[in-house]
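Notes follow once the structure below has been shown.
The values are calculated or read from the model by the stated rules, or taken from the named source; none is laboratory data. Computed from a predicted model, the values in this text were never measured in an experiment. FYI the Cβ positions are ideal-geometry reconstructions off the backbone, even for glycines, and counts take in every protein chain you see. With ligands, DNA and RNA removed, areas are computed over all heavy atoms of the protein, side chains included. Shrake-Rupley method; radii C 1.70, N 1.55, O 1.52, S 1.80 Å.
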Protein chains: 2
Amino acid sequence: MRSHLRILMASVLASAAALAVGAQAFAQTDPLASWSEGSAKQAIVRFVKDTTDASSPKFVPPAERIATFDNDGTLWPSHPMYTQLAFALDRIEALAPQHPEWKTKQPFEAVLADDLEALGAAGEKGMVELVMASHAGMSTAEFEAIVTDWFAKARHPRFHRPYTELAYRPMLELLEYLRANGFKTYIVSGGGVEFMRPMTEKVYGIPPEQVVGSTIKTKYEVRNGVPVLMRLPEIGFIDDKAGKPVGINEFIGRRPIAAFGNSDGDREMLEWTAAGGGARLKMLVLHDDAEREYAYGPANGLPATRFGTFSQSLMDEAKKKGWVVISMRADWKQIFAP
Amino acid sequence: MRSHLRILMASVLASAAALAVGAQAFAQTDPLASWSEGSAKQAIVRFVKDTTDASSPKFVPPAERIATFDNDGTLWPSHPMYTQLAFALDRIEALAPQHPEWKTKQPFEAVLADDLEALGAAGEKGMVELVMASHAGMSTAEFEAIVTDWFAKARHPRFHRPYTELAYRPMLELLEYLRANGFKTYIVSGGGVEFMRPMTEKVYGIPPEQVVGSTIKTKYEVRNGVPVLMRLPEIGFIDDKAGKPVGINEFIGRRPIAAFGNSDGDREMLEWTAAGGGARLKMLVLHDDAEREYAYGPANGLPATRFGTFSQSLMDEAKKKGWVVISMRADWKQIFAP
């Protein structure tokens with residue numbers, strides 16, 4: 001019931017804000033309390049004021065207030081590896097007893113032997129094989145149960161907390177702040193849509209129908225008189241890089257006026273968002289805080305990474321186009337909830 | 001602005017209804033005034049009462065009140081042909097001067113010569129060729145402009161009105177009634193999603209992000225420094241028959257609790273809807289009114305059709321499973337707005 005109450009409240013708040021009678025009431029405490037005073041926070045507050053003030057030339061009607069968020073590295077950590085990859089590896093280990101052939105077959109052998117070098121060498125093809133072996137061959141309902149169960153048990157290897165408790169607090173505040181001002185918040189992630197949907201409402205307050213992600217194909221079947229959707233070992237759509245504007249257009253059908261990312265995978269989403277008319281907010285989270293979270297780029301001389309590359313060319317494009325770069329170290333007072 | 005006001009009002013009404021303080025206020029006038037008193041109307045009213053009464057064992061929280069509607073033949077006519085086919089044929093004629101080769105190439109020759117027999121003989125393969133020639137090769141923004149322009153000018157050949165004025169009045173009342181009771185209304189149609197989105201908000205009060213349909217593939221490109229999505233001559237997804245549950249799962253991520261269709265293309269959507277737990281409403285519009293609209297089946301001995309087949313086997317399944325069949329003749333006092 002709590003999540004329903006939450007949606008109900010969000011809906012009432014959104015209506016109130018849209019009617020411009022309730023917005024002030026929520027300004028008594030700072031809705032962005034975990035953000036340091038600085039240009040990033042100022043950019044957010046100014047954008048929301050401009051787009052929600054009916055007398056502003058930058059006013060945007062509530063129906064068009066679409067904000068899209070990347071997930072991994074933007075709303076929660078993508079290190080030491082993508083959460084979904086951690087899930088896939090756990091699934092491979094759990095399924096291994098039924099697949100004795102995996103002991104001598106890459107990339108499975110690498111997973112079972114914890115051989116990260118061989119796993120890296122398997123490349124993208126290897127990753128697809130792991131995803132297919134761990135994410136397909138069951139119904140959507142069965143997969144949802146497997147994912148839900150995994151989220152309940154799995155712990156982040158460094159922070160020793162459930163992944164679902166590691167959403168960045170400043171971003172949770174930002175999501176709420178936008179929704180309280182009549183925005184509709186979406187996830188637009190390279191991650192699998194059916195891996196995310198079981199947790200996005202609880203963790204981010206984002207309902208399943210506002211989650212856009214990569215898909216594998218499904219097939220409608222009637223099994224013992226009961227309709228099911230079977231997950232096939234076949235990629236449907238990759239919602240990353242140039243796929244993000246495609247996914248946004250296909251699933252949402254409106255261009256966002258605000259977009260948030262953290263890596264080269266988000267470049268085209270921000271370009272697409274920027275290319276519309278009127279006020280636009282484009283922000284990128286830079287992971288420059290090895291102490292409290294992680295530090296990687298290789299932009300700004302930070303270490304390179306396989307999981308969430310923020311290249312120097314992306315940094316250059318951001319500077320040239322006035323996209324706002326959020327420094328985790330400088331802009332966020334807190335990273336996680338205590 | 002009117003459509004924004006409409007959404008804003010719907011949002012406020014939905015919140016009010018959800019809080020169970022406002023529902024009575026709207027009962028003063030009959031929200032389903034175009035429906036004859038009878039089992040179809042009763043089924044709707046009973047379902048909405050059951051699912052919105054917090055003390056009912058059939059109560060459904062607002063977030064889960066998802067209702068999906070087929071479009072062609074369910075919300076507006078699909079005769080004498082699908083509206084989108086009429087659009088495609090008009091486009092072929094408009095583009096013909098740039099394609100002299102079409103004069104001697106099927107299925108284009110058939111279109112240009114008004115040869116319905118040859119067009120029928122071209123079959124599904126011919127239809128796909130016509131769609132590709134008329135729906136691809138431009139940006140999504142260019143296509144939206146073409147569609148919007150066409151809807152402004154095109155007239156239905158029998159009713160001599162814009163297609164956008166031919167939404168069935170009883171269904172418009174039903175959409176509003178559901179939304180006023182906290183339901184989220186979706187279109188789930190075999191039609192092209194980018195053909196429908198330019199008109200669904202104005203005609204049905206359904207925003208672009210709540211339209212699920214067939215897609216063609218698009219590709220992100222930067223043309224002269226401006227990001228565009230180019231429409232490719234390649235089918236992405238066919239949202240019909242067994243594709244409807246797939247589309248519902250992929251785009252909405254929740255199972256509907258109410259589904260409305262009119263043909264064999266909607267069978268699996270109704271089965272998928274019915275297979276969830278709790279209260280469910282499944283309805284099929286039967287076109288049995290040749291005088292005011294059209295009559296076709298071949299169910300119940302009505303004439304067969306290429307556009308919206310309601311087979312006897314669908315009718316048998318509906319009877320067996322308690323799906324409600326709406327007789328246009330008996331259940332609808334009015335078909336169109338005057």
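Karplus-derived 3J(HN,Hα) values for the range B:261-275, using 6.51 cos²θ - 1.76 cosθ + 1.60 with θ = phi - 60°, are x, 8, 8, 4, x, 9, 3, 5, 4, 5, 4, 5, 5, 5, 6 Hz; glycine and proline are entered as x. Just for the protein assembly as shown, what percent of DSSP beta bridges are antiparallel, to the closest 5? Roughly 35 percent of the DSSP beta bridges within the protein assembly as shown come out antiparallel. Here the dipole of chain A is about 880 debye; that uses its Cα centre as origin and unit charges on the Cβ of Lys and Arg (positive) and Asp and Glu (negative). In a Gaussian network model over chain A where Cα atoms closer than 10 Å are linked, find which of A:Lys217, A:Lys153, A:Lys202 has the largest mean-square fluctuation. Result for chain A, Cα springs under 10 Å: A:Lys153 fluctuates most. The local environment of A:Arg197, defined by Cβ-Cβ distances under 10 Å, has a net charge of -3 under the rule Lys, Arg +1 and Asp, Glu -1.
Name the residues of the range A:209-239 whose accessible area falls by at least 20 Å² when all protein chains are present instead of the chain alone, probe 1.4 Å? Listed in order, they are A:Glu209, A:Thr215, A:Thr218, A:Tyr220, A:Pro227, A:Leu229. Local charge for A:Ala121 was computed over the other residues whose Cβ lies under 15 Å away, with Lys and Arg +1 and Asp and Glu -1, and equals -3.
With label points set 7 Å from Cα along Cα→Cβ, the inter-copy distances at A:Glu221 are 4.0 nm, sorted shortest first. When you count the other C-beta atoms within 10 angstrom of each residue and take the mean per peptide, A:184-196, B:96-108 line up highest first as A:184-196, B:96-108. Ranking B:Trp35, B:Pro157, A:Tyr294 by how far each Cα lies toward the positive end of the dipole of the protein assembly as shown (charges on Cβ) leaves B:Trp35 at the top.
Positive-end ranking of B:Val212, B:Leu281, B:Trp323 along the dipole of chain B, with charges on Cβ about the Cα centre, is headed by B:Leu281.
Quick one: among B:Ser55, B:Ser313, B:Ser139, which has the greatest mean-square fluctuation in a GNM of chain B with alpha-carbon springs under 10 angstrom? Highest fluctuation among the options: B:Ser55. The long axis of helix A:312-321 is offset from the longest Cα principal axis of chain A by roughly 20 degrees. Axis of helix B:140-153 versus longest Cα principal axis of chain B: the two differ by about 80°, to the nearest ten degrees. Dipole magnitude for the range B:249-305: about 360 debye, using +1 per Lys or Arg Cβ and -1 per Asp or Glu Cβ, origin at the Cα centre. Residues whose amide H lies under 5 Å from that of B:Lys333, counting only those 5 or more places away or on a different chain, are B:Trp35, B:Ser36; hydrogens are built 1.01 Å from N in the peptide plane. The mean number of Cβ atoms from other chains found within 10 Å of a Cβ in peptide B:133-145 is 1, as a whole number. Normalised per residue, the accessible area of the protein assembly as shown is 42 Å², obtained with a 1.4 Å probe and no contribution from ligands, DNA or RNA. Remark on A:Val325: its backbone amide H falls under 5 Å from those of A:Leu284, a criterion applied only to residues 5 or more positions apart or on other chains, H modelled at 1.01 Å from N.
Interface residues of the range A:42-79, defined as those with an accessible-area decrease of at least 40 Å² between the chain by itself and the complete set of protein chains (probe 1.4 Å), are A:Ala63. Evaluated over the Cα positions of the range A:210-338, the convex hull gives a direction-averaged projected area, one quarter of its surface, of 11.4 nm².
Both numbers refer to the Cα atoms of the range B:296-338; Rg and Dmax are 12.0, 37 Å. If you take the Cα centroid of the range A:247-264 and the Cα centroid of the range A:155-215, the two points sit 15 Å apart. Against the empirical 2.2 N^0.38 Å (N residues), the range B:86-176 has a Cα radius of gyration ratio of 1.27. Under 17 Å Cα to Cα from A:Lys58, which lysines show up? Leave out anything in the same chain fewer than 8 places away. The reachable lysines, counting only those whose Cα sits under 17 Å from A:Lys58, are A:Lys49, A:Lys282. Annotation: average projected area of the range A:265-338 is 5.8 square nanometres, based on the convex hull of Cα atoms across all directions. Restricting the calculation to Cα atoms, chain A shows an Rg/Rh of 0.98 when the hydrodynamic-style radius is the Kirkwood one.
Each Lys or Arg adds one and each Asp or Glu subtracts one; over the other residues with Cβ under 10 Å from the Cβ of A:Gly276, this totals +2. Our coupling estimate for the range B:103-117, obtained by passing each phi through the Karplus curve with A = 6.51, B = -1.76, C = 1.60 and θ = phi - 60°, is 4, 10, 10, 6, x, 5, 3, 4, 4, 5, 9, 6, 9, 5, 5 Hz, Gly and Pro reported as x. The convex hull drawn around the Cα atoms of the protein assembly as shown, when projected onto a plane and averaged over every direction, covers 32.1 nm². Accessible surface buried by the A/B pair amounts to about 3600 Å², both sides summed, 1.4 Å probe. In this Cβ point-charge picture (+1 for Lys and Arg, -1 for Asp and Glu), the range A:34-170 has a dipole of about 580 debye about its Cα centre. Carbon-plus-sulfur accessible fraction, the protein assembly as shown (probe radius 1.4 Å, protein heavy atoms only): 56%.
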